[in-house]
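Quick notes on the structure that follows.
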Amino acid sequence: MGQAILKTERVSKAFGANLAVAGVSLEIEEGTLHTIIGPNGAGKTTLFNLLTKDLAPTSGRIVFAGEDVTHRQPYEISRLGVGRSYQITSVFAGMTVHDNVWVAAYRHARRGFFDFWSRAGRFTDVGRRTEDVLAEAGLAGRGAMLARELSYGDQRLLEIAIALATVPRLLLLDEPTSGLSQEETQKIAGLIRRLARQYTVVMIEHKVDVVMTISDRITVMNFGEVIAEGSPAEITANERVKKAYFGT
């Protein structure tokens, strides 16, 4: 196994008496596409929220790029190079496609509080980054459209573009094909596979055909715990996974 860009060490999150994430230890190898699967309520999105610090862990330790980030703030995690898309589309519907991405790139490029008062024109690199990201996400030529005018599938592409605008080393994608048609799913899956050549990608996904086709490594969660980890072939053959996830 290569160098780990992200590690969790017995990370847990309790909501009252409910232990949503229970002592999860995970290593994400740099340069891989690592998928987390499991039944609804397995704790997958809660784990993502712990990694981005949208939630604080009850216990355990999180290390990113060799640095303990357990008690860092969400904006610090983003600055360090963690980008994320969410399970529910969260684009600004009334803004253009270009401006959705530009705002994300601009916020990442700011160096301090007083940059708020600087003329946006100073950040010519932000404009270039925006155009590059739109092309990378397959949205070139659609920058002038309002986000609400995009199909649902293309709004998912836009959400990924917004995450890419923050120049991530690690890209977290929470159910990127949720609610999509077969054709849209294949389009997103192809993009994710291409992105995995440039970024380390961790994905939560329910569509088994997508998971088994594009993943390098898979972690399976159930009731807040990791019950298996391995290659797609190893996960497919795992009897505990079959019982917990596939229902056989």
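Separation of the stretch 1-36 from the stretch 194-223 is 14 Å, based on Cα centroids. If a spin label sat at a point 7 angstrom from the Cα of THR236 along the line to its beta carbon, the backbone N atoms of the stretch 160-188 nearer than 20 Å would be those of 186.
Taking a ≥ b ≥ c as the square roots of the eigenvalues of the Cα gyration tensor, the stretch 115-216 is prolate, since a/c reaches 1.5 or more and a/b is larger than b/c.
Segment VAL208..LYS243, full-extension length gain: 11.1 nm, with 0.36 nm per residue of separation and the alpha-carbon distance subtracted.
Among the protein heavy atoms of the chain, carbon and sulfur supply 52% of the accessible surface, probe 1.4 Å, non-protein parts ignored. Along the stretch 9-22 the Karplus relation, 6.51 cos²θ - 1.76 cosθ + 1.60 evaluated at θ = phi - 60°, assigns HN-Hα couplings of 10, 6, 7, 10, 9, 10, 10, x, 8, 8, 9, 6, 10, 10 Hz to successive residues, with x for each Gly and Pro. If you take the beta carbon distance between ALA144 and GLN73 as r and set R0 to 25 Å, what does 1/(1 + (r/R0)^6) give as a FRET efficiency, to the nearest 0.05? E(calc), rounded to 0.05, equals 0.10.
Overall shape: oblate for the stretch 1-45, with the ratio a/c of the largest to smallest alpha carbon gyration tensor axis at 1.5 or above and b/c at least equal to a/b. Evaluating 6.51 cos²θ - 1.76 cosθ + 1.60 at θ = phi - 60° for every residue in the stretch 170-180, the Karplus couplings come out as 10, 10, 9, 10, 9, 6, x, 9, 4, x, 9 Hz, glycine and proline recorded as x.
DSSP assigns beta bridges within the chain; of those with both partners inside it, close to 55 percent run antiparallel.
Residues whose amide H comes within less than 5 Å of that of GLY38, counting only those at least five positions distant or on another chain, are MET221 (H built at 1.01 Å from N in the peptide plane). The relative contact order of the chain, computed from alpha carbon pairs under 8 Å that lie at least 6 residues apart in sequence, is 27 percent. In the structure shown, the pairs LYS13/LYS44; LYS13/LYS53; LYS53/LYS187 are assessed against 18 Å; a Cα-Cα span above that value is assigned to LYS53/LYS187.
Enter the accessible area of LEU195 (Å², nearest 10), with the probe set to 1.4 Å and all protein chains included. The accessible area of LEU195 comes to roughly 0 Å². Selection among PHE223, VAL241, GLY190 by position relative to the dipole of the stretch 136-248 gives GLY190 as farthest towards the positive end (Cβ unit charges, Cα centre).
With an a/c value of 1.5 or above and a/b larger than b/c for the gyration tensor axes a ≥ b ≥ c computed over the alpha-carbon atoms, the stretch 167-248 is described as prolate. Note on THR124 and ARG169: their simple-model spin labels are 3.0 nm apart, each label 7 Å out from Cα toward Cβ.
Computed over all pairs of different Cα atoms, the Kirkwood value for the hydrodynamic radius of the chain is 18.7 Å.
Taking only protein heavy atoms and a 1.4 Å probe, what accessible area per residue, in Å², does the chain have with all protein chains in place?
I get 48 Å² per residue for this part.
The angle separating the long axis of helix 152-164 from the principal Cα axis of greatest extent in the chain is about 80 degrees.
Only Lys, Arg, Asp and Glu count, each charged at its Cβ (+1, +1, -1, -1), so figure out the dipole size of the chain about its Cα centre, rounded to 20 debye.
480
The values are calculated or read from the model by the stated rules, or taken from the named source; none is laboratory data. Every value quoted in this text rests on a predicted model; they were computed, and no experiment measured them. Virtual Cβ from ideal backbone geometry, glycine too; neighbours counted across all protein chains shown. Please note that ligands, DNA and RNA were not included when accessible areas were found on the heavy atoms of the full protein model with its side chains. Shrake-Rupley method; radii C 1.70, N 1.55, O 1.52, S 1.80 Å.
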